[in-house]
Amino acid sequence: MPRPEMPKWLSEDGAPVSCTEKVKVMAQNMDELYQTAQDAFEDALLMGCSETQLREYLHRLITALDNPYR
């Protein structure tokens, strides 16, 4: 499956994040996150872990992220 296309980042009120540097940092962060997740996924598959269980756990991992800025 190919890497998902990077979205246009929006603020909570729906306005686009237009600062070039912020968008660049987001792209770099998402690329790093994707590569780290891909590497961990492949390692787990090579160790014999269930692909279904891996995908379910990765979904739970993202869902469990906490917003400390509320």
Problem set entry | Enumeration of residues in segment 44-59 that are of a type outside the set (Ser, Thr, Tyr) and either closer than 16 Å to Leu33 by Cβ or surrounded by 10 or more Cβ atoms within 10 Å (Cβ to Cβ) (or both) | Ala44, Leu45, Cys49, Glu51, Gln53, Leu54, Arg55, Glu56, Leu58, His59
Exercise. Just wondering, is there one or more residues in segment 7-17 that are aliphatic (A, V, I, L, M), in a loop (DSSP other than H, G, I, E, B) and open to solvent by 80 Å² or more (accessible area, probe 1.4 Å)?
Worked result: no
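The values are calculated or read from the model by the stated rules, or taken from the named source; none is laboratory data. Just so we're clear, the structure is a prediction, and the values are computed from it rather than from any experiment. Note that each Cβ is placed from the backbone with ideal geometry, even for glycine, and that neighbours are counted across all protein chains shown. Ligands, DNA and RNA are stripped out before the accessible areas are found, and what is left, the full protein with its side chains, is counted by its heavy atoms. Shrake-Rupley method; radii C 1.70, N 1.55, O 1.52, S 1.80 Å.
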